[in-house]
Amino acid sequence: MRNNWGPEMATINRRSFLMGSAAAGAGLLAGSAPARAKVRWAPDKVRVGMIGTAAQAGWNMGQLESNASVTIAALCDVDDNLLAAAASKHPDAKTYNDFRKLIEQNGLDAVLVATPDHIHAPATLMALSAGLHVYCEKPLTHTVWEARAVAKAAAKNKRVTQMGTQIHAGGNYRRVVELVQGGAIGTVKEVHVWVGRENTAKVPPRTPPVPTNLHWDLWLGPAQERPYSPDIVPFNWRWWWAFGGGTLGDMGCHHIDLPKWALKLGNPLSVEAIGDTQPDAEVTPLNLTVKYRFPHREGLPAVDLTWYHGDKRPQVDTLGQMDKFGAGTLFVGEKGMLLADYDRRMLLPEKDFAGFEAPKPSIPDSIGHHNEWIEAIKNGTPTTCSFEYSGALTEAVLLGNVSYRAGKRLEWDAKALKAKNCPESDRFIRPVYREPYDKILK
């Protein structure tokens, strides 16, 4: 699913962020929780604040609206028109042009963050620090460092979390995991993942006046100041490094989630990205191939995983079947191959698996990706894409962009969050926030 905040999150105009609610705001930015109880929800309802109200945020809100245990108690958006439209459906919800103010609202239990990538970590870290449970769209963060910080904050504050890789809740992914882990294709040492999408930014972007309904400075958030452009907002921010991560950042967590789950992948040992063009300082590439090397796990061999987006495809003979998958995952095992996407799966070569009986389902069906989160808040049951799981997934995905921008294969030290052979990559691993957002990194 796509997370789109353009312009659908709340506004903090910079002056009010700097001057308003100085004590409480400084506490949030510095990572301290406000002086209020951390558990505030009533047994019958979970009161959720929406950070973002339209596009993917609107879809997420619809999922929550279908759960009788949820009350949409607060709405936040940088676009006044979108905020008004959402408020018309939830007249009892408080509305904000400042997500910091939403987080301060008494009586909230949780927030759902569905914004452009560069806002994910600031909003999530503030919310976790305030004792709120968080559902955040994918990728969990804009940078590798933020993913680690968010996972640590979730654990420290003992909050219920879920990343928006909604397909993880589907039945097909479960059946694929069962096939792989059940040995249907034997030991797997090679995986290919691809997305047939070619997108890039329009350069130079147009810079007309800011629409009166859009709080542009708040849309920028921690990113460095630049003129408003309709070539960035509402959708194409994805193809600008300042705000998104290109196709890999946009879709990688959905697709690489499957081999991570099936093969129990952790942190990679090395990452090497290869593009058709030299890295651009501003915009993401049309085509990219990323080679990941994952280490041995307990009882499992090392794995080579290759990601492709754009016009690239794996050079593996699947007897023409790969052409039927615009995006997908190919597991290459010692006994055969398994080709899958969100909804389909097939064992190859088909003749070798004639009469094959799949194992009986062993992974329980999900009650729904959003419902998992709400049920966990109420009753302490687990979520399947907590920030512990999805933080590590996001780190691995985003390292492909780090390698590409640094122009070098990375020998990765996961514990130190550094490339041992490429110190110049540090600037792509940890973000630089502008004031006053920079305080959240301290």
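The values are calculated or read from the model by the stated rules, or taken from the named source; none is laboratory data. All of these numbers come straight from a predicted model, not from anything done at the bench. Note: ideal-geometry Cβ built from the backbone for every residue, glycine included; neighbour counts use all protein chains shown. Remember, those area values only see protein heavy atoms, side chains included, never the ligands or the DNA or RNA. Shrake-Rupley method; radii C 1.70, N 1.55, O 1.52, S 1.80 Å.
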In Å², rounded to a whole number, the accessible area per residue of the chain with probe 1.4 Å is 40 Å²
Got a number for carbon plus sulfur as a percent of the chain's accessible area, 1.4 Å probe?
52 percent
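Using the Cα centre of the chain as the reference point, and only Cβ charges (+1 on K/R, -1 on D/E), how large is the resulting charge dipole? Debye, rounded to the nearest 20.
That gives a dipole near 1040 debye.
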Accessible area of ARG238, 1.4 Å probe, to the nearest 10 Å²?
0 Å²
Charge dipole (the chain, unit charges on Cβ, about Cα centre) - positive-most of LEU75, ALA123, PRO279
ALA123
Extension reserve of the ARG226-THR381 stretch, reckoned as 0.36 nm per residue once the Cα distance is removed
51.4 nm
THR187 paired with LYS442, simple spin-label distance in nm, labels 7 Å along Cα-to-beta-carbon:
5.2 nm
Charged-residue dipole, Cβ positions (Lys, Arg, Asp, Glu), the range 77-149 about Cα centre, Debye nearest 20:
160 debye
Report, for the chain, the % of DSSP beta bridges that are antiparallel, rounded to 5.
55 percent
Ordering of 193-200, 209-216, 85-92 by burial proxy (mean other Cβ atoms within 10 Å per residue, highest first)
193-200, 209-216, 85-92
Label model pair SER362, ARG297: point-to-point distance (7 angstrom along the Cα→beta-carbon line) in nm is 1.4 nm
What value, in deg cm²/dmol to 500, does the helix sum -39500 (n - 2.57) over DSSP H runs of n ≥ 4 give at 222 nm once divided by the residues of the chain?
-9500 deg cm²/dmol
Contact order relative to length for the chain, counting C-alpha pairs under 8 Å separated by 6 or more residues, stands in percent at 21 percent
Residues of the range 114-139 with amide N under 16 Å of the 7 Å Cα→Cβ point at SER69
133-135
What lysines sit close enough to LYS439 to cross-link, taking a C-alpha to C-alpha distance under 18 Å and skipping anything fewer than 8 places away on the same chain?
LYS101, LYS152
Given a cut-off of 25 Å, name the pairs among LYS264/LYS351; LYS45/LYS89; LYS156/LYS418; LYS335/LYS408; LYS291/LYS415 whose C-alpha atoms lie farther apart than that in the structure shown.
LYS264/LYS351; LYS335/LYS408
Taking all protein chains together and a probe of 1.4 Å, list ARG175, ARG405 from the most accessible to the least accessible.
ARG405, ARG175
Pairwise centroid distance, computed over Cα atoms, of the range 342-362 with the range 387-402, Å:
30 Å
For the peptides 366-373, 137-144, 384-391, 347-354, what is the packing order when you average, over each peptide's residues, the other Cβ atoms within 10 Å and list the highest mean first?
137-144, 384-391, 366-373, 347-354
Of the options SER386, SER403, ILE367, report the single residue whose Cα projects farthest towards the positive end of the charge dipole of the range 363-424 (beta-carbon charges: Lys, Arg +1; Asp, Glu -1).
SER403
